[in-house]
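*Asks:* Take this structure first; my questions come after.
The values are calculated or read from the model by the stated rules, or taken from the named source; none is laboratory data. Computed from a predicted model, the values in this text were never measured in an experiment. Here the Cβ positions follow ideal geometry from the backbone for every residue, glycine too, while neighbour counts run over all protein chains shown.
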Amino acid sequence: MEEELLIDQNQYLEEGIHIATKVKAQGMSRFIYKTREDGLYLLDIKTIDSRIKIAAKTLARYDPSKIMVRASRIYAIYAAQKFAEVINAKFLGGRVNAGLFTNPNREGFVEPSLLFISDSRNEKQSINEASKINIPIIALNDTDNSTKYIDLIVPVNNRGRRSLAFIYFLLAREVLKERGTIKSNEEFPYKTEDFETKLKRQEENALQQ
């Protein structure tokens, strides 16, 4: 018997979480369902769904105060920060200098037990440091993202505003269910829109220049 999806497949498709890039990094081939006529890779919805479930179960096992959620791109920062707030985890946004996890003498030094990454390309420094001290890493990975040092990959469109809001909305809901904080989807008091940045693409580009 096939396992039921967390949400209707059509909604996954509408949010575009399966629409990836035209680049395929080593290790990401197994998550690709097919290639569109325009060359964009499409991720497998059932795999995305199952990985969200696994990620939620994993996150629920950790002390929330020891989970570090990391994001550097503008669209991801808003969604990831809301996610961290909802599950009571710590959040780290923007660019980060070396030594945050490895140098006890560095200002702002932290020792997380689990690192959650929004984009392995942009958050490479955090991944490298976490790998040196054996911190487990969960990452949202698009097809062009590196899988090096990642312990659990959630394949997803990690660039789109709606896609990021939706994936973090689902993850937050499932973590709270796994913890027993809520018993059903209906008890989750948030909407996808609560995780979606209000910035427009032009504003994002201006901030990142």
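*Asks:* Consider ILE48 carefully, then state whether it is touching a Gly at 6+ places or on another chain (Cβ under 7 Å) and either closer than 20 Å to ALA172 by Cβ or part of a helix (DSSP H, G or I) (or both).
*Replies:* no
*Asks:* In region 139-160, how many are in a strand (DSSP E or B) and not β-branched (Val, Ile, Thr)?
*Replies:* 5
*Asks:* Mind listing whichever residues of region 77-96 are under 24 Å from ASN134 (Cβ atoms), of a type in the set (Val, Ile, Thr) and at pLDDT 90 or above?
*Replies:* ILE87
*Asks:* Tally up the residues in region 120-138 that are in a helix (DSSP H, G or I) and of a type in the set (Lys, Arg), please.
*Replies:* 2
*Asks:* Filter region 97-116 down to residues that are in contact with a helix residue (DSSP H, G or I) (Cβ under 6 Å, 6 or more places away or on another chain) and buried (at least 21 other Cβ atoms within 10 Å of the Cβ) and give me whichever is modelled with the lowest pLDDT.
*Replies:* The qualifying residue modelled with the lowest pLDDT is PHE101.
*Asks:* Still on this structure: Determine which member of the set THR21, THR35 is closer than 18 Å to ARG161 by Cα, hydroxyl-bearing (Ser, Thr, Tyr) and either touching a Pro at 6+ places or on another chain (Cβ under 7 Å) or surrounded by 10 or more Cβ atoms within 10 Å (Cβ to Cβ) (or both).
*Replies:* Checking each option against the conditions leaves just THR21.
*Asks:* Exactly one of (1) surrounded by fewer than 22 Cβ atoms within 10 Å (Cβ to Cβ); (2) closer than 30 Å to GLY180 by Cβ; (3) within 13 Å of the chain's Cα centre (by Cα) is unmet by ALA76. Its number?
*Replies:* Status for ALA76: all satisfied but (1).
*Asks:* While we're looking at this one, here's another question. Confirm whether TYR62 is surrounded by fewer than 18 Cβ atoms within 10 Å (Cβ to Cβ) and either closer than 24 Å to PRO136 by Cβ or touching a residue at least 40 places away in the same chain (Cβ under 8 Å) (or both).
*Replies:* The answer is yes for TYR62.
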